[in-house]
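First comes the structure, then the notes that go with it.
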Amino acid sequence: MTISLALFEDKLVAGQTLSWPAAPRVIYVRWGALRLVGASGTRMMPIESATLVEEVIELSGDGDAWSFELSARSTGAMSATDQARCVLAGDIDLDPTKPVLFRADRVQFAPHGVTPRHGHRGAGIRRLIYGRLAAQIGHEVKRINAGDAWFESGADPVIGRNLAPSSAFVRAMALSPELKGKPTFVPWTPEDAAMPRGAAPRQYFDEIVNLPMSR
């Protein structure tokens, strides 16, 4: 059984309001300032802020929203409307009928920073906020520019190299609940474990959620 994690992008202008159904999602404000209204109240979200919402919401303001959304549906069942908004989506081997640990953070690279070869104890989607990276994921090497998104299963070895004076990405991961409060980073070898990380995460949240079974 699988769940899906999808990254969407929405560009709002003043006077525009988006209405979204209940679902676990990270809303990250890439640019501008947005107003989020739900059953739990109203929140103002400045640039580069992120929050977890699970309820029915309305989003308005003037800015760009990146939203990472969990669903009990497979990526192949995504609606045409959502496909038009989708930047990247992937299926993850977790049971949709059970709770899921949803984690989001921001990872900042040091100048000339290089991560040791590593994996993760779970899958997720990353999107580069600014800068430029070279990433070796398994046997594939790719250059990642600002705005590019990529999926990591956690099972493939990864090395990231910062190619700009400053680079940072936002990340959302769907994990087993027993990992709550625990790191997912797994050095590939003892030699890798002894190396400096080259990048530092700053966590937005680490919460256990349930997935709606129908939309």
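Here are some notes:
- Residue match in the stretch 70-86 (condition: modelled with pLDDT of 95 or more, within 19 Å of the chain's Cα centre (by Cα), surrounded by fewer than 20 Cβ atoms within 10 Å (Cβ to Cβ) and in a loop (DSSP other than H, G, I, E, B)): no
- Residue match in the stretch 104-114 (condition: among the basic types (Lys, Arg) and modelled with pLDDT under 95): no
- Residues that are aliphatic (A, V, I, L, M), at pLDDT 95 or above, surrounded by fewer than 14 Cβ atoms within 10 Å (Cβ to Cβ) and in a strand (DSSP E or B) do occur in the stretch 39-53.
- Residue check for residue 154: modelled with pLDDT of 95 or more and within 18 Å of the chain's Cα centre (by Cα): no
- Only listed residue being free of Cβ contacts under 8 Å to residues at least 24 places away in the same chain, over 25 Å from residue 29 (Cβ atoms) and of a type outside the set (Phe, Trp, Tyr), chosen from 141, 158: 141
- The residues of the stretch 152-178 that are hydrophobic (A, V, I, L, M, F, W, C) and either surrounded by fewer than 17 Cβ atoms within 10 Å (Cβ to Cβ) or assigned to a loop (DSSP other than H, G, I, E, B) (or both), listed by number, are 155, 163, 164.
- Within the stretch 1-31, restricting attention to residues that are within 24 Å of residue 150 (Cα to Cα) and among the small types (Gly, Ala, Ser), the residue that is surrounded by the fewest Cβ atoms within 10 Å (Cβ to Cβ) is 23.
- Within the stretch 105-151, being of a type in the set (D, E, K, R) and within 21 Å of residue 191 (Cβ to Cβ) holds for 117, 121.
The values are calculated or read from the model by the stated rules, or taken from the named source; none is laboratory data. Nothing here was measured: the structure is a model prediction, and the numbers come from that model. Every residue, glycine as well, gets a Cβ built from its backbone with ideal geometry; the counts of neighbours run over all protein chains shown.
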